[in-house]
């Protein structure tokens, strides 16, 4: 059966609702996150302009009045007006409360149905608000919501790396070391943190999952929280951190791994972590990891970088 392309633009008189999936990387964008953004756009001074923006992400749950309006004035409480650290910049951002407001997509749709004209006025676009027929806008919101929900679930960026060539068992987890190279030429030593999340070892239905990944690349070094789950990626600050492998091993040795695995979305694995077993294999794993880094330097001039491309198992 032929698949139909998902609709992402919805016209309603003078405004257009636009929904799209976005992936944010820590230290590249604001923070590591992903989800869908819903925009209310219109033509302003001959240019298509975002009037309102709703961030419906895993972590970032917020909305912005006038994200492109440089003339928008702050209307904060009087008691905050004279504070030296009062917010400045384009637009006015408000946080959704995930406890009080619930699902951000659902909250956004309900809010648009009731308050869109008022929000457009607050964003500095009263002329567009006057032209808007709210009933016409409400008619397209159910389809907009369906599109946003489907994008959130189907467009999520995840990755399935190779498990590694050198495996080190450590209780309920194992580490896989791999010399990785991307088609663009970047790469280096990778450390995959693996766990059996379904079934049990020795059974036909055992399922190994990569729960953390640390890519000590020469150009774009980064690590993944839950690469097959949330896949929140954080890039290292190469000015402050130069020995990426050393940084990773320090976190393992410093008992930070359990908290990291919990953040990756696997609290059960984190609770069962055996730090003594991790400590026991660290010397041997460190030795082998440094050897693999050195092999890359000899082969390509970069630590852990092989001569040939090593494609991921799956990328989606």
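The values are calculated or read from the model by the stated rules, or taken from the named source; none is laboratory data. The structure displayed is predicted, hence computed values, not measured ones. Cβ atoms come from the backbone with ideal geometry, glycine included; neighbour counts cover every protein chain shown.
Things worth noting here:
- Candidate set from segment 272-284 (those that are in a helix (DSSP H, G or I) and touching a helix residue (DSSP H, G or I) at 6+ places or on another chain (Cβ under 8 Å)); member that is nearest to residue 169 (Cα to Cα): 278
- Conditions (1) assigned to a loop (DSSP other than H, G, I, E, B); (2) touching a residue at least 40 places away in the same chain (Cβ under 8 Å); (3) touching a strand residue (DSSP E or B) at 6+ places or on another chain (Cβ under 8 Å); number of the one not met by residue 183: (3)
- Hits in segment 79-101 - residues which are surrounded by 12 or more Cβ atoms within 10 Å (Cβ to Cβ), part of a loop (DSSP other than H, G, I, E, B) and at pLDDT below 95: 90, 91, 98
- Pairs meeting the criteria (first residue in segment 147-174 and on the phi > 0 side of the Ramachandran plot, second residue buried (at least 16 other Cβ atoms within 10 Å of the Cβ) and not in a helix (DSSP H, G or I), beta carbons under 6 Å, at least 6 apart or on different chains) are 164/176; 164/177; 164/178; 164/192.
- Looking across segment 1-17 at every residue that is at pLDDT below 90 and loosely packed, with under 12 Cβ neighbours inside 10 Å, the one that is farthest from residue 44 (Cα to Cα) is identified as 1.
- Pairing residues of segment 264-283 that are at pLDDT 95 or above with residues that are in a loop (DSSP other than H, G, I, E, B) and exposed (fewer than 15 other Cβ atoms within 10 Å of the Cβ), at Cβ distances under 8 Å and at least 6 apart in sequence or on separate chains, gives 275/255.
- Residue in segment 227-244 that is assigned to a helix (DSSP H, G or I), modelled with pLDDT of 95 or more and either surrounded by 22 or more Cβ atoms within 10 Å (Cβ to Cβ) or out of contact with any helix residue (DSSP H, G or I) (no Cβ under 6 Å at 6 or more places or on another chain) (or both) present: yes
- Some residue of segment 64-72 being in contact (Cβ under 8 Å) with a residue 24 or more places away in the chain and surrounded by fewer than 14 Cβ atoms within 10 Å (Cβ to Cβ): yes
- A single entry from 169, 178 fulfils the requirement of being loosely packed, with under 15 Cβ neighbours inside 10 Å, outside any helix (DSSP H, G or I), modelled with pLDDT of 95 or more and not assigned by TED's automatic domain parsing to the domain that holds residue 52: 169.
- Look at (1) outside any loop (DSSP other than H, G, I, E, B); (2) closer than 27 Å to residue 64 by Cβ; (3) modelled with pLDDT under 95 and you find that residue 197 fails only one, number (2).
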